[in-house]
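Everything below concerns the one structure shown next.
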Amino acid sequence: MCSSCEVLTINGVLCHELGCPDAWRDYTRECKWCGTEFTPEDKHQDCCSHSCTMNYLSIECDCTECTGDTELI
């Protein structure tokens, strides 16, 4: 289950030990921009995608994900 802690079993449910640095990986979060439930890839990730992060932070970005431009040059 986790390489960062000793796995515990409480009432038949596998759990991280108290203070495990990787326990955040087991939970989903709600994107602060669009409200979609997502599983974070980083401990402090607040948004489900790069484009949501840019919109949430009010940063104008010209990457293809943010602009929706899928045309190849």
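Worth a mention:
- Cβ separations smaller than 6 Å between residues 6+ apart or across chains give the following pairs from the stretch 13-34 residues that are within 19 Å of Ser3 (Cβ to Cβ) to residues that are among the basic types (Lys, Arg): Trp24/Lys43.
- Scanning the stretch 45-60 for residues being farther than 18 Å from Thr28 by Cβ and under 12 Å from the mean Cα position of the chain (by Cα) gives a total of 1.
- In the stretch 45-58, the residues that are in a helix (DSSP H, G or I) and in contact with a Phe, Trp or Tyr (Cβ under 8 Å, 6 or more places away or on another chain): Cys52, Thr53, Asn55, Tyr56
Yes/no per residue for (1) surrounded by 13 or more Cβ atoms within 10 Å (Cβ to Cβ); (2) part of a loop (DSSP other than H, G, I, E, B); (3) of a type in the set (Ser, Thr, Tyr):
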{"site": "Gly19", "(1), (2), (3)": "no, yes, no"}
{"site": "Arg25", "(1), (2), (3)": "yes, no, no"}
{"site": "Trp33", "(1), (2), (3)": "yes, yes, no"}
{"site": "Pro40", "(1), (2), (3)": "yes, yes, no"}
{"site": "Lys43", "(1), (2), (3)": "no, yes, no"}
{"site": "Glu60", "(1), (2), (3)": "no, yes, no"}
{"site": "Cys66", "(1), (2), (3)": "yes, no, no"}
{"site": "Asp69", "(1), (2), (3)": "no, yes, no"}
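- Looking only at residues of the stretch 8-17 that are assigned to a loop (DSSP other than H, G, I, E, B) and either at positive phi or loosely packed, with under 12 Cβ neighbours inside 10 Å (or both), we find that the one that is modelled with the highest pLDDT is Asn11.
The values are calculated or read from the model by the stated rules, or taken from the named source; none is laboratory data. Small disclaimer: the values here were computed from a predicted structure and weren't measured. Methodologically, a virtual Cβ is constructed for each residue, glycine included, from the backbone with ideal geometry; neighbour enumeration extends over all protein chains shown.
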